[in-house]
Amino acid sequence: MNEQPLSGGFVSHVVRIGDTVRRGTTDRSEFVHRLLHHFEQHAWPGAPRFLGVDEQGREVLTFLDGHVPAKSQDGLAQVARLVRQFHDLTAGTPLAGDQEVVCHNDLSPKNTVYRDRSPVAFVDWDLAAPGARVHDVAHMCWQYLGLGPAVDDLATTSERLRMMCDAYGLTDRSQVVETILWWQDRCRRGIETGTDAAMTRLRDSGAARSVRAAHEWVTANRAALEVALK
Ligand SMILES: Nc1ncnc2c1ncn2[C@@H]1O[C@H](COP(=O)(O)OP(=O)(O)OP(=O)(O)O)[C@@H](O)[C@H]1O
Ligand SMILES: [Mg+2]
């Protein structure tokens, strides 16, 4: 059957065949497949279904119809509620180990399927791992709000930050901005020191510079962002 490359993927080679998506496996895949199976057992619609492994050793996932944008601020509260749903579904399960929940660890519009401008599912679960709720909440706020020098209205963005944390139902917000800075620092260092092809491509695209600028912007506006979260 016809293989159609899916654009946007910086890290993996992803193709669509009919109603399925095929992606190479990683050493994290066994965990991810158990996680996707857990979502299926709970009939949670926010992730692709894992259908098996094909003759080339690629994982086979259901193709989710919709639009995956590079950037979008549509349905921010719905994004936060979807995150809350899968966190609650994994809390207290063996998948979360000794951590609060399973985190996606790469929540962003480019890993979100939208239908009629509403977020309906997350793809790209490769980095999912046990973690703290605030880790995903912070990454989500950074990515969906585009926290960085491109923000042109600090008051509106701060209000949206609060709204996303409210929609998630995060009670302790004291670590949110600190964790955004942690993510930005970690991400920049990963790009700067990574030796694989994907990291080299990211470095060549100027990604490390833009993540550094985002970190500087959050540092400079930290007080305003934290006041909005109180
Ligand atoms: N199950 C799916 N249903 C629909 N589209 C999908 C699915 N999986 C992936 N895609 C599309 O393919 C693109 C690349 O897939 P994916 O995000 O998994 O790859 P990646 O290289 O790991 O991405 P990234 O650049 O985020 O690291 C996605 O942005 C999305 O547009
Ligand atoms: Mg992706």
Completion exercise
If you go through VAL14, VAL32, the only one that is under 18 Å from the mean Cα position of the chain (by Cα), modelled with pLDDT under 95 and β-branched (Val, Ile, Thr) is VAL14
Completion exercise
For PHE86, the lone unmet condition from (1) out of contact with any strand residue (DSSP E or B) (no Cβ under 8 Å at 6 or more places or on another chain); (2) among the aromatic types (Phe, Trp, Tyr); (3) part of a helix (DSSP H, G or I) is (1)
Handout entry: Any pair with Cβ under 8 angstrom, 6 or more apart, that starts in region 14-43 at a residue that is closer than 22 Å to PHE86 by Cα and ends at one that is within 16 Å of ligand 2 (Cβ to nearest atom) and aromatic (Phe, Trp, Tyr)
Key = VAL21/PHE63; VAL32/TRP125; LEU35/TRP125; LEU36/TRP125
Exercise for the section: Check every one of the helices (runs of 4 or more DSSP H) wholly within region 135-230 and list those with 1 or more residues that are within 25 Å of ASP74 (Cα to Cα). Expected result: 154-168, 176-193, 207-220, 222-229
Handout entry: Flag for PRO130 being under 19 Å from ILE180 (Cα atoms), without any contact (Cβ under 8 Å) to a residue 40 or more places away in the chain, away from ligand 2 (no atom under 16 Å from the Cβ) and open to solvent by 30 Å² or more (accessible area, probe 1.4 Å)
Key = yes
Fill in the blank from the handout: Residue hits (region 99-127; among the acidic types (Asp, Glu) and either within 16 Å of ligand 2 (Cβ to nearest atom) or within 12 Å of PHE86 (Cβ to Cβ) (or both)) are ASP106, ASP124, ASP126
Handout entry: Residues of region 182-209 satisfying the condition of being touching a residue at least 40 places away in the same chain (Cβ under 8 Å) and within 30 Å of PHE86 (Cα to Cα)
Key = TRP182, TRP183, GLN184, ALA198, LEU202
Exercise for the section: Answer yes if at least one residue in region 23-45 is of a type in the set (Phe, Trp, Tyr) and either in contact with a strand residue (DSSP E or B) (Cβ under 8 Å, 6 or more places away or on another chain) or at positive phi (or both), and no otherwise. Expected result: yes
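The values are calculated or read from the model by the stated rules, or taken from the named source; none is laboratory data. Keep in mind that what you see is a predicted model, and the values were worked out from it rather than measured. A quick note on method: Cβ atoms are made from the backbone with ideal geometry, for glycine too, and the neighbour counts reach across all protein chains shown. Remember, those area values only see protein heavy atoms, side chains included, never the ligands or the DNA or RNA. Shrake-Rupley method; radii C 1.70, N 1.55, O 1.52, S 1.80 Å.
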